[in-house]
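Working notes for the structure below.
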Amino acid sequence: MCGIVAATARREVSEILLEGLRRLEYRGYDSAGMALIDNEQHLQLHRQLGKVAELERAQAMTPHHGCVGIAHTRWATHGEPSAANAHPHISHDRVALVHNGIIENHATLRAELRERGYEFNSQTDTEVVVHLLHTYLVAGDSLLDALKSTAARLEGAYAIAAIDAQNPDEVVATRAGSPLVVGVGIGENFLASDQMALRQVTDRFIFLEEGDTVRITATELSIWDEAGQLVERPRTDVPDAVESVELGDFEHYMLKEIYEQPRALAATLGAEGEKRIEDARFGEGAGAIFDRVQSVQIVACGTSYHAGLVARYWLEELAGIPCEVEVASEFRYRKRAPHPGTLLVTVSQSGETADTLAALRGQMADEFVASLVIANVDHSSLVRESDLVFLTRAGAEVGVASTKAFTTQLVAFLMLTAVLGRRHALGEAAERELLNALHRLPDMVQETLSRDADIKKLSEQFILKQHALFLGRGIQYPIALEGALKLKEISYIHAEAYPAGELKHGPLALVDAEMPVVAVAPGDELLEKLKSNLEEVRSRGGELYVFADRNAGFTDEPRVHVLQMPSCPEVLKPAIYTVALQLLAYHVAVQKGTDVDKPRNLAKSVTVE
């Protein structure tokens with residue numbers, strides 16, 4: 001969830017480290033720090049509470065320089081956000097260390113180290129690691145061997161990078177359960193938790209495997225696997241090193257990314273004119289695997305979980321195959337009864353979501369036919385470790401609240417529905433109709449974006465509210481869940497979603513004039529049922545906000561505010577209505593003055609349990 005950057009070069013690296021941290025700001029964090037080894041082999045340290053800009057100001061006021069350094073953005077787990085708890089952590093002014101993840105046995109190690117005379121200046125589990133590393137260094141180990149010995153004592157998930165003032169030319173690092181990538185330069189090498197941090201200095205990367213340990217200098221790069229064997233890992237050229245994440249004319253990244261959805265959807269779909277979706281879109285050998293699939297198990301977290309809930313309707317109704325959807329953090333700890341012929345589908349924007357990755361790794365032998373990941377980041381851990389891959393083409397998503405990643409995941413699921421469905425209940429004509437509808441989606445989203453001004457006006461009614469209720473029926477219930485999630489994420493309004501039919505089974509007790517109720521109205525056979533549910537709300541003084549197909553028969557009246565949505569094929573409505581709810585959440589948050597792109601306590605890539 002936090003970010004690591006490290007560099008060893010023949011040139012000054014402080015600005016490289018700072019730029020790397022800037023590029024990782026989208027991940028979410030509460031403090032930042034940087035440590036360098038200067039020409040006199042002294043550790044130089046800056047740590048600041050708040051944004052990277054605060055670290056930049058500290059560096060400008062008291063410049064530190066060096067050709068070897070590490071830097072970090074922290075998202076608090078152990079210990080409150082503070083300068084003292086910020087990384088890097090140091091031991092005896094000799095060794096500095098940054099860490100992503102959680103050390104589960106930190107309390108035991110802390111007690112042991114205190115008995116040996118080590119003093120602690122922070123509340124973090126990371127300070128335990130740096131002191132433990134120091135014990136091996138003073139015993140005579142090299143920095144590399146000291147890190148290996150330290151890692152052998154750790155329980156939990158981690159990516160660690162360390163420098164030693166007495167070994168001033170190298171950085172060592174290791175990973176277990178948290179991502180780490182090597183950036184390969186000419187006369188310089190780098191490390192980061194995300195390749196995006198290093199795009200300004202290289203386009204050549206090595207993605208470390210689970211349990212790998214690496215040592216880099218300006219001219220050398222060596223990797224050892226979990227068994228301690230020296231290994232070669234493949235180098236990957238990643239083009240477009242200077243990927244644009246500029247705001248342009250937009251006030252926030254979230255709004256920019258909402259408006260990028262027509263392009264992202266078109267890119268994910270690929271060329272128009274196709275008569276069918278080819279199995280090969282999902283990877284080599286996909287056809288043979290799909291021939292064996294009799295059911296689907298979807299595992300995901302947060303917004304990606306909601307995409308999976310939508311997919312269940314499509315896979316069962318259109319493809320005619322059973323589908324189960326489960327939150328990854330529950331799935332990984334539950335004893336399961338295997339179903340023969342099941343395809344495991346994991347979904348993650350980053351491809352690094354810790355619980356989802358653990359679910360993939362924790363599958364029982366022969367439990368699934370194969371694993372398929374739907375992700376937005378190539379070369380990520382889930383992508384590298386899955387049998388099949390569908391990469392969405394959303395592009396860089398900086399805003400913590402996912403927008404275009406979600407709608408492109410829906411496209412991926414519709415394409416999966418088509419390729420599996422042709423083997424079961426989806427006829428050739430129905431598949432062609434589905435594909436034609438899909439290629440209309442970018443234009444339909446663009447038409448939805450034209451309602452922005454109306455949605456902004458509607459959002460004014462939410463500014464002083466503390467709670468909101470979202471309702472949906474059928475396939476629109478997961479969209480109500482996603483709408484409520486977006487509102488609570490960025491506006492901090494408590495929002496919950498329910499199937500509209502559950503209204504009288506509890507939530508109706510909350511409805512009054514101060515509880516806005518947002519309804520996602522279908523245009524299908526459930527419409528009349530929903531109208532009855534909404535009448536229950538209005539009769540109790542509730543204020544209704546209905547997002548409805550313009551042919552659904554809803555009109556504005558006292559305490560009923562209707563946003564007329566474009567008429568479109570039923571299969572497209574989840575994506576269309578999602579975009580409208582994204583805009584609603586965005587405008588409410590802007591008017592409440594919250595940090596839209598980096599909401600409090602949240603991170604973009606959740607890489608700890």
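Observations
- Under the criterion of Cα pairs below 8 Å and six or more residues apart, the relative contact order for segment 248-445 equals 30 percent.
- Summing charges over all other residues whose Cβ lies under 9 Å from the Cβ of Ile493, with Lys and Arg as +1 and Asp and Glu as -1, gives +3.
- Positive end of the dipole of the chain (Cβ unit charges, origin at the Cα centre): among Leu583, Gln409, His89, the Cα lying farthest that way belongs to Leu583.
- DSSP bridge orientation in the chain - percent antiparallel, rounded to nearest 5: 60 percent
- Ranked by how many other Cβ atoms sit within 10 Å of their own Cβ, fewest first, the residues His131, His87 fall in the order His131, His87.
- Ranking of Met565, Met196 by count of other Cβ atoms within 10 Å, fewest first: Met196, Met565
- Across the chain, the mean sequence separation of Cα contacts (distance under 8 Å, 6 or more residues apart), normalised by length, yields a relative contact order of 12 percent.
- Summary of the geometry: segment 336-363 and segment 1-56, compared by the centres of their Cα atoms, lie 34 Å apart.
- Likely footprinting exposure, Thr408, Thr219, Thr342, fewest C-beta neighbours within 10 Å first: Thr219, Thr342, Thr408
- Beta bridges per DSSP with both ends in segment 248-445, % antiparallel, nearest 5: 0 percent
- Residue pairs, from the table Lys404/Lys573; Lys51/Lys488; Lys465/Lys573; Lys256/Lys486; Lys51/Lys404; Lys256/Lys404, whose Cα atoms sit over 19 Å apart: Lys51/Lys488; Lys465/Lys573; Lys51/Lys404
- For GluC sites (Glu not before Pro), the sites in segment 59-132 that DSSP calls loop and that have at most 14 other Cβ atoms within 10 Å are Glu104, Glu119.
Read-outs throughout are calculated quantities, based only on the coordinates presented, and are distinct from any laboratory measurement. Just so we're clear, the structure is a prediction, and the values are computed from it rather than from any experiment. Don't worry about glycine lacking a Cβ; one is built from the backbone with ideal geometry, like all the others, and counts go over all protein chains shown.
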